[in-house]
Structure formats: structure tokens, C-alpha cells
Amino acid sequence: MKVFIFMLSIIIVISTYTSIDNAQEFKVIIGKITNVALSSNPTTGYSWFLNLPNSNKLKVPDLNGEYKLLSGLTGGGGVQVFEISCSELCEDGELLSLAFEYKRPWEAEPIKTKVVTAKVFSNPEL
């Protein structure tokens, strides 16, 4: 029973965001929140940081995202989830670029970067 509840909790956490580890594009709907995630393990000192373009189109309340542990074990891997929304200034079909850096907060250079494109939709059915 405990294993079932643990697995169910992982499924619930996983289903609340879109992984962009292997993606180059994700969709965002005007006026709606989209949660995207990158694999992370902050116990190593490394975390993802979002370099938000200087624009009023995208809204991201926390440029560091929120870490969610997936393994259930302290020190285990998880994901950083970023809450992204597109303001009314966005246009249907627009492509917006986002750059993430995986680095230690006290270091200037990242060990890896991830650039993805947010494709804007006005209709949630697309």
C-alpha cells in the first residue's frame, strides 16, 4: 500500500509540468500558466537559472524555479519547475526564446545551457 501511494504521488507531481530536458519547444497559452521542468539536483551545488529576455511578454515569478524531489530520498535527483505565463502582449503563433543556465550561484559560467522556444497560442485546444 505504501509503495502504491508513493508511486501515485510521483505520478501526480510528474503530471503537473512539461519536461523540457529533451525538448526544443513548448507551448504557452496567452493568459494561462505553463509549468516547465528541467532535471536538477541542487545538492551538487548546481541549479538552473532562467535568463528572462527583457520583455513584458513573459511572466516568470521565480527565475530559479521551484525544486521538486522525485526520488523520495534526500540528496536524490528531482526537477526544477518554472511557472511561465504569456501576457496579453503576446500574439498567436509568436515564438519566444528562453535561455536556462545550469550553474552554481557563486560561479559566473554555467556548465551547460538550455535554450528553448515558447510557441504562443491563443486557443487552448491547439
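The values are calculated or read from the model by the stated rules, or taken from the named source; none is laboratory data. These numbers come from a predicted model, not from an experiment. Cβ atoms come from the backbone with ideal geometry, glycine included; neighbour counts cover every protein chain shown.
Check off (1) surrounded by 14 or more Cβ atoms within 10 Å (Cβ to Cβ); (2) at pLDDT 95 or above for K112 and give me the number that stays unchecked. Result: K112 fails condition (1) only.
To keep it simple, each residue is scored yes or no on (1) out of contact with any His (no Cβ under 6 Å at 6 or more places or on another chain); (2) of a type in the set (F, W, Y); (3) on the phi < 0 side of the Ramachandran plot.
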site: P42; (1), (2), (3): yes, no, yes
site: Y46; (1), (2), (3): yes, yes, yes
site: G65; (1), (2), (3): yes, no, no
site: Q80; (1), (2), (3): yes, no, yes
site: E94; (1), (2), (3): yes, no, yes
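Residues are listed down the side, and each one gets a yes or a no for (1) of a type outside the set (D, E); (2) over 20 Å from V115 (Cβ atoms); (3) touching a helix residue (DSSP H, G or I) at 6+ places or on another chain (Cβ under 8 Å); (4) surrounded by 13 or more Cβ atoms within 10 Å (Cβ to Cβ):
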| site | (1), (2), (3), (4) |
| --- | --- |
| G31 | yes, yes, no, no |
| A37 | yes, no, no, yes |
| Y46 | yes, no, no, yes |
| D62 | no, no, no, no |
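For segment 57-79, the condition of being β-branched (V, I, T) and under 25 Å from E125 (Cβ atoms) holds for at least one residue. Would you call D62 farther than 22 Å from N22 by Cβ, under 18 Å from the mean Cα position of the chain (by Cα) and assigned to a loop (DSSP other than H, G, I, E, B)? Spelling it out, D62 is indeed farther than 22 Å from N22 by Cβ, under 18 Å from the mean Cα position of the chain (by Cα) and assigned to a loop (DSSP other than H, G, I, E, B). Taking first residues from segment 43-72 that are in contact (Cβ under 8 Å) with a residue 24 or more places away in the chain and more than 15 Å from E101 (Cα to Cα) and partners that are surrounded by 14 or more Cβ atoms within 10 Å (Cβ to Cβ) and of a type in the set (F, W, Y), the Cβ contacts under 7 Å between residues at least 6 apart in sequence or on separate chains come to V60/F82.
Only residues that are closer than 12 Å to I30 by Cβ, of a type in the set (G, A, S) and touching a residue at least 40 places away in the same chain (Cβ under 8 Å) were counted in segment 77-102, giving 2.
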